[in-house]
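A quick write-up on the structure given underneath.
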Amino acid sequence: MLFLVLFIVVVYSLLYTVILKDQERELEEMAAQEARIFESYLVQNNYRSLQGIQNQELVLAGVDQFFYYVVNPKGELIMGDEKVPELRQDLFTLLGGWDPQRKEIRQETLHATYSEWRPKAKGKGMDDELRSPPQHHEIQLMIASRPIFYKGQLIGMLYIGKDISFAYQLFKLLLIILAGLAILFSGVALYMSHLMSKKAMVPITRAFTRQREFVADASHELRTPLSVMLSSIDAMEMTVDTEEDDFSRKLLVNMRNEVKRMTKLVSDLLTLARSDSGTIERVNETFDFRPPAQKAIQSVEPLAAAKQIKLHLSAPEAMVVNGDPERLTQLLYILLDNGIKYTPNGGDVYLALSVESYEHRLVMCIQVKDTGIGIKPEDYARIFDRFYRSDKARTRKMGGHGLGLSIAKWIVETHGGTIQVSSEIGKGSTFTIRIPFSSNTKKA
Ligand code: ADP
């Protein structure tokens, strides 16, 4: 497209210059020729001044010539003719202020209103021409001047004007055609590139889909052996006398923790793989969000109690919202779990739910605030990336693998909402989620 534009600019400028130069050359030749005719006429008739030939018959007229004037050094018109006699005054005004010594070519635009002579339709009378009603005309003139010498002395000036309006009409037409072509070719180029990029994307999309399917299948397949391992650990704990065999007890506790961690990782991976392939259908129900929020608080209570963290819930008595109850509850678990994980012993974690009205729409607002370690501002955007952990060593110890917030973000986005984080290092973090919903959905 860039080359096309460049090509058009070059072609247009080239034609513009060539045509105008050609017109200039023709005008120069015409002016020189007519000045010569004039000078030889003066010599033949032995006139010493231009005044002497006033009102003499001397026809000077070239093709496309719009006017010619012969002016004496005092600026008085000696001879002249023009295509449109009404314009003599206007033309004279245009010529005013020219330095008669210099040969120069000028371009001027003349705006004038006059009526033209038009050939009359056949058989209408004796006159074969008719005057049209006055019309506005924009005439592009190219004007040349030539000094007239008699025996080496400057005795006057010849001005010749050529109507080059046709050239400007040609430029206009050319511009329209070139612009049309540019639009047409740009459209074709865009369409072709769209088609080609689509074709080029086919193998990539296929590979990507296959990879997603692989992750989803692998995660799914891993879940069964993991649950078998967990129940085996349970069975072993029952058979081994853990009170006496301390080593076996420690091994079993480690194994249980690692299997649980892996089960969580596999389950998160499966959720994300399914969200990528769009196989998870979002349920849309009207439900009271307070009971699931209370249940979530109760479920994470043991985790908080282990670190003497106090949990606080603030929600309206009944908070009827619209969305996927399972996913929204999962969102609460992720944020509460993080709040507890990244808050030192004895801290607080707050969960606040509310419904706001914004621009005639209802918005459910979920806020999870903690008094924990905080997040660096440069990490605000990255913490929602998969497998991103700001402090890898620390978060691994805490059991995190960097998928929780990616799932949270996905849940919020499928609900058409936004998730924001604000934090202060050492003081705590606040995650705010806003999800617009409509109140008229029927209860599922
Ligand atoms: P993880 O399983 O590691 O917690 P997440 O995706 O939930 O993974 O979080 C990504 C990273 O964001 C975490 O590793 C942690 O560094 C940071 N983070 C998340 N929540 C908090 C919080 N409440 N306070 C401090 N840092 C947090």
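Overview of results
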item	result
Verdict on residue 268 being touching a Lys or Arg at 6+ places or on another chain (Cβ under 9 Å), of a type in the set (D, E, K, R) and not in a loop (DSSP other than H, G, I, E, B)	no
Verdict on residue 246 being open to solvent by 60 Å² or more (accessible area, probe 1.4 Å) and either touching a His at 6+ places or on another chain (Cβ under 9 Å) or not polar (S, T, N, Q) (or both)	yes
Flag if residue 263 is hydroxyl-bearing (Ser, Thr, Tyr) and within 16 Å of the ligand (Cβ to nearest atom)	yes
The range 383-398, residues that are open to solvent by 30 Å² or more (accessible area, probe 1.4 Å) and either assigned to a helix (DSSP H, G or I) or modelled with pLDDT under 75 (or both)	392, 393, 394, 396, 397, 398
The range 351-369 - residue that is over 13 Å from residue 297 (Cα atoms) and small (Gly, Ala, Ser) and, of those, modelled with the lowest pLDDT	357
Restricting the range 332-353 to residues that are part of a strand (DSSP E or B) and either of a type in the set (Asp, Glu) or open to solvent by less than 40 Å² (accessible area, probe 1.4 Å) (or both), the residue that is nearest to the ligand (Cβ to nearest atom)	349
Residue 372 vs. criteria open to solvent by less than 30 Å² (accessible area, probe 1.4 Å) and near the ligand (Cβ under 7 Å from one of its atoms)	yes
Near pairs, Cβ below 8 angstrom, 6+ apart or cross-chain, from the range 196-218 (within 16 Å of residue 277 (Cα to Cα)) to any residue that is assigned to a helix (DSSP H, G or I) and not aliphatic (A, V, I, L, M)	209/277; 212/276; 212/277; 213/277; 216/274; 216/277
Any hit, the range 371-379, residues being in a strand (DSSP E or B) and either modelled with pLDDT under 95 or under 15 Å from residue 419 (Cβ atoms) (or both)	no
Residue count for the range 312-328, restricted to those that are open to solvent by less than 30 Å² (accessible area, probe 1.4 Å) and either within 16 Å of the ligand (Cβ to nearest atom) or not in a helix (DSSP H, G or I) (or both)	6
Residue 162 vs. criteria open to solvent by 90 Å² or more (accessible area, probe 1.4 Å) and of a type in the set (Lys, Arg)	no
First in the range 307-320 and under 30 Å from residue 285 (Cα atoms), second anywhere and part of a loop (DSSP other than H, G, I, E, B), Cβ under 7 Å, 6 or more apart	319/289
Residue pairs meeting the criteria (Cβ under 6 Å; at least 6 apart or on separate chains; first part of a strand (DSSP E or B), in the range 130-157; second of a type in the set (A, V, I, L, M, F, W, C) and open to solvent by 30 Å² or more (accessible area, probe 1.4 Å))	144/105; 147/154
Extreme residue, modelled with the lowest pLDDT, among residues of the range 401-421 that are within 11 Å of the ligand (Cβ to nearest atom) and over 19 Å from residue 283 (Cα atoms)	401
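The values are calculated or read from the model by the stated rules, or taken from the named source; none is laboratory data. Values in this document were obtained by computation on a predicted structure and should not be read as measured data. Glycine also receives a Cβ, built like all others from the backbone with ideal geometry; neighbour counts cover every protein chain displayed. The area values use the complete protein model at the heavy-atom level, side chains included, leaving out ligands, DNA and RNA. Shrake-Rupley method; radii C 1.70, N 1.55, O 1.52, S 1.80 Å.
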